[in-house]
Amino acid sequence: MTDSTITSPGYRDFVESRKTRVRAARVRAALSVNRELVLLYWDIGRDILARQAEVGWGAKVVDQISRDLRRAFPDMKGFSPRNLKYMRAFAEAWPDAEFVQQAVAQIPSGHIVRILDKADSPDERLFYVQKTVEAGWSRNVLVAQIDSKLHERQGKAVTNFSQTLAPATRTWSSRRSRTPTYSTSSAWRSPPKNARSSGP
């Protein structure tokens, strides 16, 4: 390549447009991976719940499933007993597959874990899932909103914020959280409240 190619008219625009396409493709790929992993985690949790109810598997089966999955997939993270308990709690919190596919799978698994840890009621969990999808909250913002009891405060306030928010701002805020900066496999950090109190 000669220097004249690099300085030729349109070269910089060409490169910038390729960079934009690469970034957009990376975001789409990360979203797709996140969605598939979230659905996988929910499916594993649902299956564990079903087997425990139908076949009478005890609490120790989670440890054995963890060992077997980690042996089968040594290059993957996310199959520790703690994570499997989160998967079970995830499926228990949202038993409706359609809702999980349409709403919950749009947010990173780390957000799901924080909602499971901090939101006590089904209504509260639903509220924070919907707000995260609408506003594109980072995990830290989500935690701050839960800690500040936004669910309770917003329930008492009458607002037309979502109707008056400019479409461009809504688009920006929804894209803001959909960047490939999170790791779905390491998001399941500590057991959810109900797993700690009632055991595996």
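What residue among V104, V129, V141 has its Cα farthest toward the positive end of the dipole of segment 96-142, where the charges are +1 on Lys, Arg and -1 on Asp, Glu, each on the Cβ?
Highest projection toward the positive end goes to V141.
With the cut-off at 32 Å, tell me which of the pairs K77/K118; K60/K149; K85/K149; K19/K149 have Cα atoms farther apart than that.
K60/K149; K19/K149, as the Cα separations exceed 32 Å there.
Laboratory data are not the source of any read-out in this text; all were calculated from the coordinates shown. No experiment lies behind these values; they were computed from the predicted model shown. Reconstructed Cβ throughout: ideal geometry from the backbone, glycine too, with neighbour counts over all protein chains shown.
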